[in-house]
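Below is one structure; the comments refer to it alone.
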Amino acid sequence: MTDRSPLSAIGAFTVVVALVLATVGSPATEAFYRNGAAGNQNAVQGGTLDLKLAETGPTNGHGSTTDESGADAVADTLEDLNHDALGAHNVTNTLTLQNGASSLTADQVDIAVDFAENDSDADDGNAANTASTLEVTAFHYAGTDLTASELTDENGNGILDVEDLTLGSNPSTLSGRTGIGVGGNRDLTIALSGSSDLISGVGSTDGVDITVTLTVRTTGFGDPDASTSNTIQYA
């Protein structure tokens, strides 16, 4: 039985074969997968759902890394600690979602984006303002450019930005994406270009950490993995 607590327990999610579901602790800790068909038609099935991540680039040389593969959590996938205040820099990288360690097909992939302040004045409370100046110039999943077809400007500033990815209909749009077969891969490419002069009060040294959580799901169960410490700070 596997504890499916959130990012603090990022890693493999093992689905256990069981004919009788025993409850230990809260229902949230149950880790069983059972075929719902009649017993004389299909045997109870089980297996492992274990997403892995790889940073596959190419990057633009501003600090983004391609040094991690086959991992449950990667860091510094997107990084620019000296980001041009006028938007001249384009910070980009590709994450490859790998289902090679699983024996089960991932029926869907949920993508979630969050951000937190990371700059020299962590108490000035302008993380949302800073995030709204970081334009999302590319957000491609499984060959589809979501910036062009599905994601929308929710804060009304005329661009699709990092804050927008957390607002309105965008979180639900990012959920339920195309799944991954056993042994299969899917690519997620993100590119950011920030311009601090879009909002008064955002300027030199302001920055955010962006977390991208990718959860593969099958039959109601999920395995979350994440790219963390994606830090963008203005020069």
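Key figures for this structure:
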{"item": "Cβ-based net charge around LYS52, under 9 Å, with every Lys or Arg adding one and every Asp or Glu removing one", "result": "-3"}
{"item": "For the range 79-84, Karplus couplings with θ = phi - 60° (6.51, -1.76, 1.60), whole Hz, Gly/Pro x", "result": "8, 7, 8, 9, 5, 4"}
{"item": "Stretch gain in nm, segment SER69-THR144, where the contour uses 0.36 nm per residue and the Cα spacing is subtracted", "result": "24.7 nm"}
{"item": "Heavy-atom accessible surface of the range 98-148: percent carbon and sulfur, 1.4 Å", "result": "41 percent"}
{"item": "Computed lengthening from ALA101 to SER169, 0.36 nm per intervening residue step minus Cα-Cα distance", "result": "21.3 nm"}
{"item": "Cα-derived Rg to Rh of the range 82-235, Kirkwood definition", "result": "1.00"}
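The values are calculated or read from the model by the stated rules, or taken from the named source; none is laboratory data. Predicted model only: the values in this text are computed from it and were never measured. Glycine gets a Cβ as well: all are built from the backbone with ideal geometry, and neighbour counts include every protein chain shown. The protein model used for the area step is the full one, side chains on, heavy atoms only, and it has no ligands, DNA or RNA in it. Shrake-Rupley method; radii C 1.70, N 1.55, O 1.52, S 1.80 Å.
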